[in-house]
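Only one structure is covered here, and it is reproduced in the block below.
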Amino acid sequence: MIRKVERVRTELIMDFIGLETELDPSVDLLETNAFYDSADNSLTILIPFLDDPLFDSTFPKYAKIAGTGNTLSHEIGHGFDMIGRTSDENGVDKDWWAKADLVEYDKLLLKYTSE
């Protein structure tokens with residue numbers, strides 16, 4: 001099985017290098033994860049995340065929507081955390097927040113990190 005996965009990974013790398021696909025082969029195919037990339041201003045949810053046991057087909061529709069919404073909102077929040085807040089919508093390192101917002105953010109950050 002591992003050999004088959006490696007073969008698929010090699011084919012993906014070849015397709016990616018040959019510009020036949022936008023699928024990034026550096027991402028682990030079997031990893032269950034989601035992430036926000038501030039440099040690309042992109043959010044990625046890997047396919048295994050949408051399978052059992054996190055996304056069971058027998059769950060009611062509202063539970064699947066709520067679980068997906070929770071993951072999406074968590075990852076979007078990284079766009080405004082200590083690292084994400086320093087990049088604009090194009091991934092450029094830029095101080096784009098209003099001064100009053102920065103002051104309030106720093107106050108709240110200090111409050112919640114000192115507890």
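Look through the range 96-114, keep the residues that are aromatic (Phe, Trp, Tyr) and part of a loop (DSSP other than H, G, I, E, B), and return whichever of them is surrounded by the most Cβ atoms within 10 Å (Cβ to Cβ).
My answer is Trp97.
How many residues does the range 62-112 contain that are of a type in the set (Lys, Arg) and either touching a residue at least 40 places away in the same chain (Cβ under 8 Å) or in contact with an Asp or Glu (Cβ under 6 Å, 6 or more places away or on another chain) (or both)? Let's see the steps before the verdict.
If we filter the range 62-112 for residues that are of a type in the set (Lys, Arg), which is where we start, we get 64, 85, 94, 99, 107, 111.
From what is left, the residues that are either touching a residue at least 40 places away in the same chain (Cβ under 8 Å) or in contact with an Asp or Glu (Cβ under 6 Å, 6 or more places away or on another chain) (or both) are 94.
Residues in the range 62-112 being of a type in the set (Lys, Arg) and either touching a residue at least 40 places away in the same chain (Cβ under 8 Å) or in contact with an Asp or Glu (Cβ under 6 Å, 6 or more places away or on another chain) (or both): 1 in total.
Let's see how each residue does on (1) out of contact with any Ser or Thr (no Cβ under 8 Å at 6 or more places or on another chain); (2) aliphatic (A, V, I, L, M):
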position	(1), (2)
Met1	yes, yes
Gly18	yes, no
Ala63	yes, yes
Ile76	yes, yes
Ser87	no, no
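Looking at (1) touching a helix residue (DSSP H, G or I) at 6+ places or on another chain (Cβ under 7 Å); (2) surrounded by 14 or more Cβ atoms within 10 Å (Cβ to Cβ); (3) among the polar types (S, T, N, Q), which one does Thr68 not meet, given that it meets all the others?
The failed condition is (1).
Mind checking whether some residue in the range 38-57 is surrounded by 11 or more Cβ atoms within 10 Å (Cβ to Cβ), on the phi > 0 side of the Ramachandran plot and either touching a residue at least 24 places away in the same chain (Cβ under 8 Å) or basic (Lys, Arg) (or both)?
yes
Laboratory data are not the source of any read-out in this text; all were calculated from the coordinates shown. Bear in mind the structure is a predicted one, so any value in this text is a computation, not a measurement. Virtual Cβ from ideal backbone geometry, glycine too; neighbours counted across all protein chains shown.
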